[in-house]
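Structure record follows, encoded as structure tokens.
Each reported figure results from applying straightforward, stated rules to the coordinates on display, with no laboratory input. Since this is a predicted model, take the numbers as computed values, not measurements. Every residue, glycine among them, receives a Cβ derived from its backbone with ideal geometry; neighbour counts consider all protein chains shown.
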Amino acid sequence: MTILSILTAPDPRLKATSQPVKKVDATVRRLMDDLLETMYAAPGIGLAAPQVGRPQRVLVLDIAKEGEPPNPLQLANPEILWTSEEMATYEEGCLSLPEQYAEIARPAKARIRYLDHENEIREMETEGLLATCLQHEIDHLDGVLFVDHLSTLKRNILLRKLMKMKKAQAIA
Ligand code: NI
């Protein structure tokens, strides 16, 4: 497995719509495994293929807490079949927006259909952090970042902080 480099905003590749995979074959499985290794190394709890410059509808996540056994999920072509009217708010961050966090409200529950690592069609009922994390990652496949759920004012404050950080790093 390979650790891939993660794109950070602003980058037009993070705003693009990703394409579905035809099937989960050896190439897609390799991508899933590389994404998982890259996510663990970061460390993060979710990572989508466009974040490593691969515009395919593939994502990985693992919301197991420190000390709990790992619980990796690897999904291709995820579709949201249903979301609850009830909302839940979490403080979100993103490996493509380093050190930026904001409270985002999303549907509290979601039913998802996807292809797993073995190309089997699966459905999953999710709630809590898993539901939030999945919706965040699926957003990436449509070129949407968590800051796009904020008001323009709040989004610009976060993006400006990020630009300053990038500049400081470039100088250092
Ligand atoms: Ni993200």
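Observations, loosely collected:
- Per-residue ellipticity at 222 nm from helix content only, as computed over the chain with -39500 (n - 2.57) for each DSSP H run of at least four residues, stands at -9500 deg cm²/dmol.
- Long-range HN-HN contacts of G44 with modeled amide H, under 5 Å: none
- More than 21 Å apart - percent of Cα-Cα pairs taken over the chain: 47
- Here the ratio of the Cα radius of gyration of the stretch 26-74 to 2.2 N^0.38 Å is 1.10.
- Spherically averaged projected area in nm², based on the convex hull that wraps the Cα atoms of the stretch 1-55: 3.8
- Computed over every Cα-Cα pair of the stretch 97-172 and binned at 5 Å starting from 0, the pair-distance distribution P(r) comes out as 3, 13, 18, 19, 16, 11, 9, 7, 4, 1 percent.
- Exposed GluC sites (Glu not before Pro) absent - longest run of the chain, DSSP non-H/G/I/E/B, at most 12 other C-beta within 10 Å: 1-65
- Members of K15/K154; K23/K65; K15/K109; K109/K154; K22/K166; K22/K164 lying beyond 29 Å, as alpha-carbon distances in this model show: K23/K65; K22/K166; K22/K164
- Dividing the mean sequence gap of close Cα pairs (under 8 Å, 6+ apart) by how many residues the chain holds gives a relative contact order of 23 percent.
- Database remark: amide H of G53 closer than 5 angstrom to the amide H of L7 (H placed geometrically; neighbours at sequence offset of 5 or more, or on other chains; Pro and chain starts carry no H).
- Once the Cβ-Cβ distance of A105 and E37 is raised to the sixth power relative to R0 = 22 Å, the FRET efficiency obtained is 0.10.
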